Amino acid sequence: MAKAFKNGARGITGSLASAERKLLRELFSDVITVLEERAQIHELPEDLDPLYALTGMRPESANLPEPSDAAVKRLLPDASDDQEVADEFRRLTEADLITEKISLLRRAQLLLETEKLVLSVSEAQGFARALNDVRLVLAERLNIQSEADSERIAQLVDAAKVTTSEEYLGLVYNLVSWVQDTLMQALMSAER
Amino acid sequence: MEIMTAMPDVISNPETVKAQDKAWRLIVWNDPVNLMNYVSYVFQSYFGFTRERADQLMLQVHNDGFCVVRSGSREAIESDVHAMHGFGLQATMTQEA
């Protein structure tokens, strides 16, 4: 069973059972896959001015379409209600955001090699961000749109009573939320 | 000895400020996923707000549905929005009317 994260002399420590670590690694992989799929549409057209290709900048004529997958939209949201501002922002910064997220998710996977986790503040911050991205994707799959939805899912705590795959996903969501919550408490106490 | 006086007010009349000079606002929106302690921690660690100020802004997001966290130049707010999206928070930018 998972043990809550604590802040102590050696850093931020916690422990996760082998099955829990395997599950989290798979969840991180799923989010990486979703982001990599999105990154494929970033490939620039072949007939593009080679100067643009050199800088990696997208020309104004190559705006990115909004993500069709709602989970991707939660990970890479619009930057403005003004469509023109949002399109420009997405065109110029989305590739960097995807790279940053994938790098944090990969680092989070590497932190799960051992049962006992000993994290520096910066590792714990990165781990919390990766867990948050997992929760954003799971929340979309569970159709959590309101506080009421989120409370309904929070009721699912007893694995013995779970019968559907949606309920199982709800249990997984609650485990990830719990891990992130205890990590945040440890980080907060490290700030003082 | 010459007495130093305040610099004359050279900031142009607000009415003549062009649209492109108007400040931009960073808005963080509520969502049912992000944990309250996570949002508050992001506000503390990224903006350098005190725990009290961060909690206050986080509660405003939670209760009112959104909160204007700060305002500044377009470049500064763009970089804030990018950072907030990196943390997984739903953030947008808007120019002051």
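If r is the Cβ-Cβ distance from residue A:171 to residue B:64 and R0 is 30 Å, what FRET efficiency results, to the nearest 0.05? If you can, show how the numbers build up before the last one.
Numbers: r = 32 Å, r/R0 = 1.06.
Efficiency for this residue pair is about 0.40.
So what is the relative contact order of region B:22-95, in percent, for Cα pairs below 8 Å that sit 6 or more residues apart?
On the way: 100 pairs, mean separation 40.4, N = 74.
55 percent.
Pop the C-beta distance of residue A:19 and residue A:92 into the FRET formula with R0 = 35 Å and round what comes out to the nearest 0.05. Show your work: numbers first, answer last.
Working: r = 42 Å, r/R0 = 1.20.
Given R0 = 35 Å and the Cβ-Cβ separation, E is 0.25.
Once Rh for region A:73-124 is found with the Kirkwood sum over Cα pairs, what is the Stokes-Einstein diffusion coefficient at 4 °C and 1.567 mPa s, in µm²/s? All intermediate terms of the calculation are to be shown ahead of the outcome.
Working: Rh = 13.2 Å.
D = 98 µm²/s.
How much length is gained on full extension from residue A:191 to residue A:48, taking 0.36 nm per residue of separation minus their Cα-Cα distance? The partial results should precede the final answer.
Values: separation 143, 0.36 × 143 = 51.48 nm, distance 4.88 nm.
Extra length from residue A:191 to residue A:48 when fully extended: 46.6 nm.
When Cβ neighbours within 10 Å are restricted to other protein chains, what is their mean count per residue of peptide B:78-84? Could the numbers behind the result be given before it?
Numbers: counts 7, 1, 0, 7, 8, 2, 2.
For this peptide, the per-residue mean of nearby foreign Cβ atoms is 4.
Under a plain spin-label model, where a point goes 7 Å from the Cα along Cα-to-Cβ, how far apart in nm are residue A:146 and residue A:178?
In this crude spin-label approximation the distance works out to 2.8 nm.
Using the Cα centre of region B:22-95 as the reference point, and only Cβ charges (+1 on K/R, -1 on D/E), how large is the resulting charge dipole? Debye, rounded to the nearest 20. Could the numbers behind the result be given before it?
Details: 6 positive and 7 negative charges, 38 e Å.
For this selection, approximately 180 debye.
Rounded to the nearest 20 debye, what is the charge dipole size of region A:65-192 about its Cα centre when +1 sits on each Lys and Arg Cβ and -1 on each Asp and Glu Cβ? Don't skip to the end; give the middle numbers.
Details: 14 positive and 24 negative charges, 126 e Å.
It comes to approximately 600 debye.
For region A:63-156, just list the percent of Cα-Cα distances falling in each 10 Å bin from zero outward, please.
Here the calculated profile for region A:63-156 is 14, 35, 33, 16, 2.
Using R₀ = 45 Å, calculate the FRET efficiency as 1/(1 + (r/R₀)^6) where r is the Cβ-Cβ separation of residue A:157 and residue A:40; round to 0.05.
0.75
Arranged by the count of other C-beta atoms within 10 angstrom, fewest first, what order do A:88, B:78 take?
Numbers: A:88 17, B:78 21.
Ascending Cβ contact count within 10 Å gives the list A:88, B:78.
What residues qualify as long-range amide H neighbours of residue B:66, i.e. H under 5 Å apart, gap of 5 or more or another chain, H built at 1.01 Å from N?
B:30
Between residue A:68 and residue A:82, how many nm apart are label points set 7 Å from Cα along the C-beta direction?
Inter-label distance under the simple model: 3.0 nm.
For chain A, what's the radius of gyration and Dmax over Cα atoms, in angstrom?
In order Rg, Dmax, the Cα atoms of chain A give 19.1, 60 Å.
What number results when the radius of gyration of region A:9-117, computed over Cα atoms, is divided by 2.2 N^0.38 Å? Numbers along the way, then the final one.
Working: Rg = 17.9 Å, N = 109, 2.2 N^0.38 = 13.1 Å.
Cα-based Rg divided by the globular estimate yields 1.37.
Cα-based Rg (one decimal) and Dmax (whole number) for region A:141-192, in Å?
In Å, with Rg to one decimal and Dmax whole: 13.3, 43.
Averaged across the residues of B:45-55, what count of C-beta atoms belonging to other chains lies within 10 Å of each residue's C-beta?
1
Just the number: Rg to Rh for region B:22-95, Cα atoms, Kirkwood Rh, two decimals. Write down the numbers at each step before the final one.
Numbers: Rg = 11.2 Å, Rh = 12.0 Å.
Rg divided by Rh gives 0.93.
Every number here is computed from the coordinates shown, using simple stated rules; none is lab data. Remember, it's a predicted structure, so these values are computed and weren't measured experimentally. Positions of Cβ are backbone-derived with ideal geometry, glycine not excepted, and every protein chain shown enters the neighbour counts.
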